[in-house]
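Heads up: the structure comes next, in structure tokens.
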Amino acid sequence: MGRAFVYVIIGGGVAGGYAAHEFVKRGVSQGELCIISEETVAPYERPALSKGYLLPEDPARLPSFHCCVGSNEERLAPKWYKENGIELILGTRVKSADVRRKTLLTATGETISYKYLIIATGARALKLEEFGVNALDATNVCYLRDLADADRLVDVIQSSSGGNAVVIGGGYIGMECAASLVINKLNVTMVFPEAQCMARLFTPKIANYYEEFYQSKGIKFIKGTVLTSFDFNSDGKVTAVNLRDGTKLPADLVVIGIGIRPNTSLFEGQLTMEKGGIKVNGKMQSSNASVYAVGDVAAFPVRIVSDTRRLEHVDSARKSARHAVSAIVDPTNTGEFDYLPFFYSRVFTLSWQFYGDNSGEAVHFGEFDKTTFGAYWVNNGVLVGSFLEGGTKEQYEAMALVSRVKPRVEDLGELERLGLEFALSV
Ligand code: FAD
Ligand code: NDP
């Protein structure tokens, strides 16, 4: 027994929500579209979980951040799906897929068939156990990927008031959670293996600015080492974190942000994979013509960098989802996805945006002790990427444009001197 739909989306996260919105904008009929999601709530803007959701005062809670408020569009509450005849199957995991037969089997035993499938399964947080460290399911060791994780983190924050928090990982989760924990009046220490935070994106000079800002808020950094084990009390709660360099840090709360793995397992052996994700073409179409992949799980051609990339950011999830829907319902008028990589973060009073590619030589500009500064990346005489902290809307738009236009740059000294003016004049 089962149901049949024209379009099925697996995954009710950011990409799932934006894909549904695009289907409705393009006139999907009642009963044609189904979304199956393991989460128990309608698609929401995941970035809220490490920011507004963790605030001690007036925190963000659903339904305020359902998709698509993150891009200033309408908020798709559960009622919207109903009104538009979209079957929203929540709290249900797809446990197997057969792309040859075009069927999915859910954990509840239902077989769902499709004409077109959009895979929007996102990613899962990497676990410490995968690095040989056992947290023994301690309730005060927290990951952050979904709403259930965020609720657990909020509970532990509230029961650790004034205590010690250790944040493992110097990437996005580490940086945003450390800021939120300090705002919640915890004593925070960040631990990561690299010499600086955000090592894959920030230059040492940019990283130094944020680290000094964090230190001014009381956050401590222990770099170049990793967690090796925990101490537990008789209730099974972690009481301390032991590092490879011999340091023991007392801990009431531990947040782990050590990267993710895309949720591809349903399709291993059935679809072509690349860069840990599902390889798709410029229409977001996989190696099976009826199957599309979007968001964190998709490895797609990024024309502007002449490379296949799998991006783990919300803007890419939103736009790739819209593009896939366009390619499905209007193939003749849909060209190749031409995406400009865009990453951002907001912590404390800080806010930065990055566009393009951070390859080649970095040219910094602005005053790093003030509120607005940035960098360009120049590769083989071409400006390929840009970063700006504390910009205005107009300045960010200029940074996006200059990274899209990719002008030639003959004189790096002149670029440094012109700084923001260079982007504003393009
Ligand atoms: P997701 O949003 O993760 O959605 C995947 C969905 O698929 C989930 O609902 C999951 O339960 C479901 N699913 C998976 N497997 C199955 C299955 N077998 N059956 C049914 N359902 C399944 N990016 C930014 O650019 N800026 C930010 O500020 C930012 N902040 C973030 C903060 C946090 C805490 C996190 C975790 C991520 C953040 N990101 C941010 C990244 C951004 O949220 C992701 O890139 C984006 O959510 C990816 O969208 P997605 O739809 O591909 O995956
Ligand atoms: P990231 O990949 O950003 O960072 C992981 C960090 O953990 C890196 O510094 C990594 O180092 C380090 N690390 C890896 N292994 C270990 C280890 N064993 N012990 C200690 N540190 C380790 O992943 P996050 O977990 O921070 O973020 C998860 C996802 O959420 C990402 O997809 C991210 O894009 C997304 N996100 C995005 C946000 C944004 O865009 N503003 C905000 C929050 C989350 P190394 O680089 O050497 O591997």
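No lab work stands behind these numbers, since they all come straight from the coordinates. These numbers were taken from a predicted model, which means no experiment stands behind them. Counting neighbours? That spans all protein chains shown, and the Cβs are built from the backbone with ideal geometry, glycine included.
Measure up K95/K283; K82/K393; K205/K406; K95/K127 against 29 Å on the Cα-Cα distance and list the ones that go over.
Violating the 29 Å limit, Cα to Cα: K82/K393.
For the pair I222/E361, report the inter-label distance in nm, with labels modelled 7 Å from Cα in the Cβ direction.
Going by the 7 Å Cα→Cβ label model, 3.9 nm.
Roughly speaking, what is the stretch gain from L55 to F213, that is 0.36 nm per residue apart minus the C-alpha to C-alpha distance, in nm to one decimal?
This chain segment gains 55.0 nm when fully extended.
With a 10 Å radius around each residue's Cβ, average the other Cβ atoms per peptide and rank 221-232, 313-324, 411-422, highest first.
Most protected by this proxy first, the peptides run 313-324, 221-232, 411-422.
Helix-only mean residue ellipticity at 222 nm, the chain, DSSP H runs n ≥ 4 weighted -39,500 (n - 2.57), per residue, nearest 500. What is it?
The per-residue figure over the chain is -7000 deg cm²/dmol.
May I ask you to derive the relative contact order of segment 220-269, considering only C-alpha pairs under 8 Å and at least 6 residues apart, and to give it as an integer percent?
RCO, segment 220-269: 24 percent.
Give me the aspartates and glutamates in straight-line cross-link reach of K237: C-alpha distance below 12 Å, same-chain residues under 8 apart excluded.
Cα-Cα hits under 12 Å: D137, D252.
List, in order, the whole-Hz ³J(HN,Hα) value for each residue of segment 407-415 obtained from phi through the Karplus relation with A = 6.51, B = -1.76, C = 1.60 and θ = phi - 60°; use x for Gly and Pro.
x, 6, 10, 8, 10, 5, x, 5, 4
Roughly what would the spin-label model give for R417 and S29, points 7 Å off Cα along C-beta, in nm?
So the two model labels end up 6.6 nm from each other.
Kirkwood hydrodynamic radius, the chain, all distinct C-alpha pairs: what's the number in Å?
Hydrodynamic radius (Kirkwood, Cα only) of the chain equals 22.9 Å.
Viscosity 1.306 mPa s, temperature 10 °C: what is the translational diffusion coefficient of segment 212-302 from Stokes-Einstein with a Kirkwood Rh over Cα pairs, rounded to a whole number of µm²/s?
93
How charged is the neighbourhood of R26? Take every other residue with its Cβ under 14 Å from the Cβ of R26, and add Lys/Arg as +1 and Asp/Glu as -1.
Spelling it out: positives minus negatives among the neighbours equals -1.
Quick one: length gained pulling S96 to D151 fully straight, 0.36 nm per residue minus the C-alpha distance?
16.9 nm
Looking at the square roots a ≥ b ≥ c of the eigenvalues of the Cα gyration tensor of segment 2-134, which shape do they give, rounded for a/c under 1.5, prolate if a/b is larger than b/c, or oblate?
oblate
Would you list, by chain and number, the aspartates and glutamates whose Cα falls below 17 Å from the Cα of K25, excluding same-chain residues fewer than 8 positions away?
Here the aspartates and glutamates satisfying the reach criterion relative to K25 are E73, E74, E83, E87, D330.
Under the definition of Cα pairs under 8 Å and six or more residues apart, what whole-number percent is the relative contact order of the chain?
13
First select every other residue whose beta carbon is under 10 angstrom from the beta carbon of V314; then total the charges, Lys and Arg +1, Asp and Glu -1.
With Lys, Arg at +1 and Asp, Glu at -1, the neighbours total -1.
Take the Cβ-Cβ distance between Q158 and T371 as r, set R0 to 25 Å, and report the resulting FRET efficiency rounded to the nearest 0.05.
So, using R0 = 25 Å, E works out to roughly 0.20.
Rounded to the nearest 0.05, what FRET efficiency do N380 and E74 have when you use their Cβ-Cβ distance and R0 = 60 Å?
That gives a FRET efficiency of 0.85.
Convex hull over the Cα atoms of segment 50-95, averaged projected area in nm²?
Over all viewing directions, segment 50-95 projects a mean Cα-hull area of 4.8 nm².
Starting from the 7 Å offset along Cα-to-Cβ, what nm value, one decimal, do you get for the label separation of N84 and A289?
Inter-label distance under the simple model: 2.8 nm.
Quick test of your reading: applying the under-4.7 Å Cβ rule, which cysteines of the chain are isolated?
Those would be C34, C142, C177, C197, since no other cysteine Cβ in the chain comes under 4.7 Å of theirs.
Note down the relative contact order for segment 235-363 as a percent, whole number, built from C-alpha pairs under 8 angstrom at least six residues apart.
16
Taking the alpha-carbon centroid of each part, what is the distance from segment 300-333 to segment 1-65 in angstrom?
18
I'd like to compare 371-381, 206-216: which one has the highest average count of other Cβ atoms within 10 Å, and what's the full order after that?
Ranked from most to least packed, the peptides come out as 371-381, 206-216.
For a test of the definition: using alpha carbon positions, the gyration tensor, and the 1.5 limit on a/c, classify segment 275-356 as rounded, prolate or oblate.
Taking the square roots of the gyration eigenvalues as a ≥ b ≥ c, segment 275-356 is prolate.
Sort segment 320-421 into rounded, prolate or oblate with this rule: let a ≥ b ≥ c be the square roots of the eigenvalues of the Cα gyration tensor; rounded if a/c is under 1.5, and if a/c is not under 1.5, prolate when a/b is larger than b/c, oblate otherwise.
Note, shape of segment 320-421 comes out oblate.
Please list 292-303, 237-248 highest first by mean number of surrounding beta-carbon atoms within 10 Å per residue.
Per-residue Cβ counts within 10 Å, averaged per peptide and sorted highest first, yield 292-303, 237-248.
Taking the Cβ of T40 as the centre, find all other residues whose Cβ is under 12 Å away and add up their charges (Lys, Arg: +1; Asp, Glu: -1).
Local net charge: -3.
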